[in-house]
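The values are calculated or read from the model by the stated rules, or taken from the named source; none is laboratory data. All figures in this text were calculated on a predicted structure; none of them were measured in a lab. Cβ placement follows ideal geometry from the backbone for every residue including glycine, while neighbour counts extend to all protein chains displayed. We work out accessible area using only protein heavy atoms, side chains counted, and drop any ligands, DNA or RNA first. Shrake-Rupley method; radii C 1.70, N 1.55, O 1.52, S 1.80 Å.
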Amino acid sequence: MQNGLLRKVEYIFVASTFDDFLTHAADFHRAGKKTESSVLCSVVFEDAVRKLAEKVSVPQASRSLDAVIVDLAKQGSMTPVKSRRWKIYAAVRNKALHAQWDDFDLRDVGEMLAGTREIIEAL
């Protein structure tokens, strides 16, 4: 525990579990099911960002996802360009989780899927 082994195992388990969810989201995406794909991907995206924040000691409890992303960029966990992309994914997430389906398209979800996989691989 002192060497962080349990924390590493937790990240591996979580990454594996959410990778399964992301696979389902990708399957829905390939089938043209924007609603289903966006909701599943949104949950995985937020969890991955928050796990990364926890991993690098960026405060995230009771904070908006955008604020966490800003702090991750300030801390150096991502480039400024990547930070802007993640904020776009967060915007798609907000629209998906508030059933504002007309405010994004299937291509937006595809980009969020790719970005979310990148975050999970970094965990």
*How much mean residue ellipticity at 222 nm does the chain get from its helices, if each DSSP H run of length 4 or more adds -39500 (n - 2.57) and you divide by all residues, to the nearest 500 deg cm²/dmol?*
-26000 deg cm²/dmol
*Using +1 at the Cβ of each Lys and Arg and -1 at the Cβ of each Asp and Glu in the chain, identify which of Thr35, Asn94, Pro59 lies farthest towards the dipole's positive end.*
Pro59
*Cα centre as origin, Lys/Arg/Asp/Glu Cβ charges: the chain dipole, Debye*: 360
*All other residues with a Cβ under 11 Å from the Cβ of Asn94 taken together, and with Lys, Arg as +1 and Asp, Glu as -1, what is their net charge?*
0
_Counted charge near Asp66, where neighbours are those whose Cβ lies closer than 12 Å (Asp, Glu -1; Lys, Arg +1)_ = +2
*asked:* Tell me the carbon and sulfur percent of the accessible area for region 38-86, rounded to whole percent, probe radius 1.4 Å.
replied: 57
